[in-house]
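S.K.: What follows is a single structure, and I will ask about it in a moment.
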Amino acid sequence: FDSPYHYIVIQVSPPTETLTLRYAIQKALQQLFGLTRAGILIDVLSEVTENVDGKEYGRVVLRAVAEDIEFVLAALPVWPDPTMRVVEHSTFLPGIDVKDLK
């Protein structure tokens, strides 16, 4: 199965609204790779808030073009606020564990 897209599940702390999250990802890409890579298109497909051991996290599914995925995966964990942690990623959306995402 050859998909032009790659899907990423991230955990965000604190939970962040979509526009703020997209801005943080763009700034992380710009910081690491410059203005050209800051323009990578990233779609936010789903967002939920989950409670883990009394702490709230956002669980977000992102979609990016497969050829840009290395840049996105490298940029996400370096941005300090909000903290973004890659939980899982795949070229096949039904193959990732999205838990209770609606």
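S.K.: So, in the range 47-82, exactly how many residues are farther than 13 Å from R22 by Cα and either under 10 Å from the mean Cα position of the chain (by Cα) or of a type outside the set (F, W, Y) (or both)?
M.R.: Of the residues in the range 47-82, 22 are farther than 13 Å from R22 by Cα and either under 10 Å from the mean Cα position of the chain (by Cα) or of a type outside the set (F, W, Y) (or both).
Here is a yes/no grid of residues against (1) within 23 Å of P14 (Cα to Cα); (2) loosely packed, with under 15 Cβ neighbours inside 10 Å; (3) touching a residue at least 60 places away in the same chain (Cβ under 8 Å):
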{"position": "Y57", "(1), (2), (3)": "yes, no, no"}
{"position": "V60", "(1), (2), (3)": "yes, no, no"}
{"position": "A66", "(1), (2), (3)": "no, yes, yes"}
{"position": "P80", "(1), (2), (3)": "yes, yes, no"}
{"position": "R85", "(1), (2), (3)": "yes, yes, yes"}
{"position": "H89", "(1), (2), (3)": "yes, no, yes"}
{"position": "F92", "(1), (2), (3)": "no, yes, yes"}
{"position": "I96", "(1), (2), (3)": "yes, no, yes"}
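S.K.: In addition: Just to confirm my filter: which helices (runs of 4 or more DSSP H) fall fully inside the range 1-87 and include at least 3 residues that are among the aliphatic types (A, V, I, L, M)?
M.R.: 18-33, 69-75
S.K.: For the range 78-102, what are the residues that are at pLDDT below 90 and farther than 17 Å from Y5 by Cβ?
M.R.: Within the range 78-102, D97, K99, D100, K102 meet the criteria.
S.K.: Considering only the range 1-47, state which residues are out of contact with any strand residue (DSSP E or B) (no Cβ under 6 Å at 6 or more places or on another chain), among the aromatic types (F, W, Y) and surrounded by 14 or more Cβ atoms within 10 Å (Cβ to Cβ).
M.R.: Answer for the range 1-47, where residues must be out of contact with any strand residue (DSSP E or B) (no Cβ under 6 Å at 6 or more places or on another chain), among the aromatic types (F, W, Y) and surrounded by 14 or more Cβ atoms within 10 Å (Cβ to Cβ): just F33.
S.K.: Condition first: farther than 10 Å from A75 by Cβ, without any contact (Cβ under 8 Å) to a residue 40 or more places away in the chain and not charged (D, E, K, R). Now tell me which residues in the range 21-41 satisfy that.
M.R.: Those that are farther than 10 Å from A75 by Cβ, without any contact (Cβ under 8 Å) to a residue 40 or more places away in the chain and not charged (D, E, K, R): Y23, G34, L35, T36, G39, L41.
S.K.: For the range 31-46, give me the residue count where each residue is of a type outside the set (A, V, I, L, M), modelled with pLDDT of 95 or more and closer than 12 Å to I8 by Cα.
M.R.: Residues that pass the stated criteria total 1.
The values are calculated or read from the model by the stated rules, or taken from the named source; none is laboratory data. Since this is a predicted model, take the numbers as computed values, not measurements. Don't worry about glycine lacking a Cβ; one is built from the backbone with ideal geometry, like all the others, and counts go over all protein chains shown.
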